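Read through the structure below, which is laid out as structure tokens, and then see the notes.
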Amino acid sequence: AAAASQLGVARSVVTRLIAALEEHLGVKLLVRTTRRLTLTTAGAEYLQKCRTILDLVEAAEAEVMEARLVARGNLRISLPLSFGLKRILPLLPEFLAKYPEINLALDFSDRKVNLIDEGIDLSIRISPHLEPGDVARLLGRSRLLAAASPAYLQQHGHPQHPQELLKHHCLGYSSQGSNRPMSFHVDGEAVHIHVPYRLQANNGDALAELAVRGLGIAILPDFIAAKHLQRGELIVVLDAFEPPLLGIHALLPSNRYLPHRVRVLIDFLAAELGTDGP
């Protein structure tokens, strides 16, 4: 009944079309009862393949038409708080001037959002790795630095090896209060150091301010540490054992065809943040 309503035809027409398709394929696609219709295993597989084919047709048509498309419409974006304010926000005036018919809604949050349930078109996330099933494009990379204040290092000394962090006060990033390890490259391999954090926070700027005040050693992304290093408020330690790079990713709700307005934003950010690669 719903399909018939959407197509603007009688229910009997849809019934005949399904019956004809089942006869053509030689398999049952739907199991009918007095109360509901359920896909058979063959029906579910056929539906998925048909959706893939239609997505490819949609993408092919869009690519041909894209040259004459005007990017327009609303875009809702989820951004990490510190990175969003420091790196993304300064880029947006240029983007909006270039695409005057796009409207942006910005959601600043360090939590992991459900893009589909929350109606998010694009989420920027910074992480050393993606979760299985994530659909994403790499926009750039960020370096991590271990740093502490001159006062802290004068009192407690400079660690010469990541294992020495076990004897230091450490400040840890955590979005859920879990004791995530600090990671470093030692002899070409990633080594994870589980340190007892003196303090944890779910925001990198907060950790940087606490490190500046002498509370301990923090692992900070370069876009947060930069101003404190320039002012001499923080000093890099363990620079011979640099932590693994973080990927700056644009996460998408699915791998279906991207609306033109989303595509132009991703291309713009990739050009500004450091990579045009996939």
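The values are calculated or read from the model by the stated rules, or taken from the named source; none is laboratory data. Everything quoted here is computed from the prediction, not taken from an experiment. Here the Cβ positions follow ideal geometry from the backbone for every residue, glycine too, while neighbour counts run over all protein chains shown. Note: accessible area is taken over every heavy atom of the protein model, side chains too, but ligands, DNA and RNA are not part of it. Shrake-Rupley method; radii C 1.70, N 1.55, O 1.52, S 1.80 Å.
Numbers at a glance
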| read-out | value |
| --- | --- |
| Yes/no for residue 105 being touching a residue at least 24 places away in the same chain (Cβ under 8 Å) and farther than 19 Å from residue 272 by Cβ | yes |
| From 238, 220, 210, 234, residue being of a type in the set (A, V, I, L, M), touching a residue at least 12 places away in the same chain (Cβ under 8 Å), within 19 Å of residue 162 (Cα to Cα) and touching a Gly at 6+ places or on another chain (Cβ under 8 Å) | 220 |
| Flag for residue 183 being within 25 Å of residue 84 (Cβ to Cβ), exposed (fewer than 15 other Cβ atoms within 10 Å of the Cβ) and not charged (D, E, K, R) | no |
| Long-range neighbours under 8 Å by Cβ, at least six apart or interchain, first residue under 21 Å from residue 271 (Cβ atoms) and touching a residue at least 60 places away in the same chain (Cβ under 8 Å) within region 126-142, second of a type in the set (Ser, Thr, Tyr) and open to solvent by 40 Å² or more (accessible area, probe 1.4 Å) | 135/254 |
| Test: residue in region 186-195 that is open to solvent by less than 40 Å² (accessible area, probe 1.4 Å) and within 23 Å of residue 85 (Cβ to Cβ) | no |
| Close pairs (8 angstrom Cβ cut-off, 6 or more residues apart or separate chains): within 17 Å of residue 20 (Cβ to Cβ) and part of a strand (DSSP E or B) in region 31-49, open to solvent by 60 Å² or more (accessible area, probe 1.4 Å) and among the aliphatic types (A, V, I, L, M) anywhere | 37/31 |
| Selected residue (only one of 37, 85 is of a type in the set (A, V, I, L, M), open to solvent by 90 Å² or more (accessible area, probe 1.4 Å) and touching a strand residue (DSSP E or B) at 6+ places or on another chain (Cβ under 8 Å)) | 37 |
| Residue check, residue 198 in contact (Cβ under 8 Å) with a residue 12 or more places away in the chain, closer than 30 Å to residue 98 by Cα and either in contact with a strand residue (DSSP E or B) (Cβ under 8 Å, 6 or more places away or on another chain) or open to solvent by less than 30 Å² (accessible area, probe 1.4 Å) (or both) | no |
| Selection count, region 88-122, where residues are closer than 24 Å to residue 226 by Cα and of a type in the set (Ser, Thr, Tyr) | 1 |
| The listed residue being open to solvent by less than 30 Å² (accessible area, probe 1.4 Å), aliphatic (A, V, I, L, M) and under 19 Å from residue 82 (Cβ atoms), out of 224, 266 | 224 |
| Qualifying positions in region 155-180 - open to solvent by 30 Å² or more (accessible area, probe 1.4 Å) and touching a strand residue (DSSP E or B) at 6+ places or on another chain (Cβ under 6 Å) | 158 |
| Residue among 130, 122, 115, 92 that is open to solvent by less than 30 Å² (accessible area, probe 1.4 Å), farther than 23 Å from residue 209 by Cβ, at pLDDT below 90 and hydrophobic (A, V, I, L, M, F, W, C) | 115 |
